[in-house]
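Notes for the one structure printed next.
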Amino acid sequence: MALTIENGTGVSGADSFVTVAEFATNEVAYFGASLAGSTADKEAALRRAFVYMSALDWKPDLWPKFGGTIPPAIKLAQSVLARAEFQKVNALSPTVALQGRKVLNKVDEIGWDVSHGPNTIEAARPIVTMAMDFLAPYLARNPAKSGGTFDLVRS
């Protein structure tokens, strides 16, 4: 099924800001080469990136028309996100398994098994910071810089 491209006029049923050809051009410009694969798989990755982008916290009245003209940075960001999705399906919505936690393994006496690795969601979750840098001027809150967890600093 062909992509329906949003061009800033409020296209009904739009599911992408870029065509597969624009996606390939952006890949070559920013990554040196376009990934090999079917057009259908690339379209699916662009759709998943579009859905991911729609869930971000946009500044009021921007999404999805951007005042009648889609900025190049938005198209680049979708290309970056789609590339991540194309390389690994669900890269933008990973299943997170926390590591570094203790698991009680004895009842009579205390005994722990420790899973090694980072113990944060941010460390286990891929964050596409390049795309977030492109999107930063348009977002009310940048999830790459102000995620759901915070460090407390005590004086």
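Every condition in (1) closer than 20 Å to Val89 by Cβ; (2) touching a residue at least 40 places away in the same chain (Cβ under 8 Å); (3) in a loop (DSSP other than H, G, I, E, B); (4) among the hydroxyl-bearing types (Ser, Thr, Tyr) is met by Thr9 except one, and the failing one is (1).
Table: residues versus (1) of a type outside the set (Ser, Thr, Tyr); (2) within 17 Å of Pro71 (Cα to Cα).
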| residue | (1), (2) |
| --- | --- |
| Ile5 | yes, yes |
| Gly10 | yes, yes |
| Ala14 | yes, yes |
| Thr19 | no, yes |
| Val28 | yes, no |
| Ala33 | yes, no |
| Gly37 | yes, no |
| Asp41 | yes, no |
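Scanning region 18-61 for residues that are touching a Pro at 6+ places or on another chain (Cβ under 8 Å) and either over 15 Å from Thr4 (Cβ atoms) or surrounded by 17 or more Cβ atoms within 10 Å (Cβ to Cβ) (or both) gives Leu56, Asp57. For region 26-70, a residue qualifies if it is free of Cβ contacts under 8 Å to residues at least 12 places away in the same chain and over 20 Å from the mean Cα position of the chain (by Cα), and the qualifying residues are Gly32, Ala33, Ala36, Ser38, Asp61. The residue that is farthest from Lys75 (Cα to Cα), among those in region 12-39 that are assigned to a helix (DSSP H, G or I) and not hydrophobic (A, V, I, L, M, F, W, C), is Thr39.
Mind checking which residues of region 64-73 are under 17 Å from Leu3 (Cβ atoms) and touching a Pro at 6+ places or on another chain (Cβ under 9 Å)? Correct list: Ile70 only.
Taken together, the values in this text are just the output of simple stated rules run on the coordinates, not laboratory data. Here the structure is a predicted model, which means the values were calculated and not measured. Note that we place each Cβ from the backbone using ideal geometry, even for glycine, and neighbour counts take in every protein chain shown.
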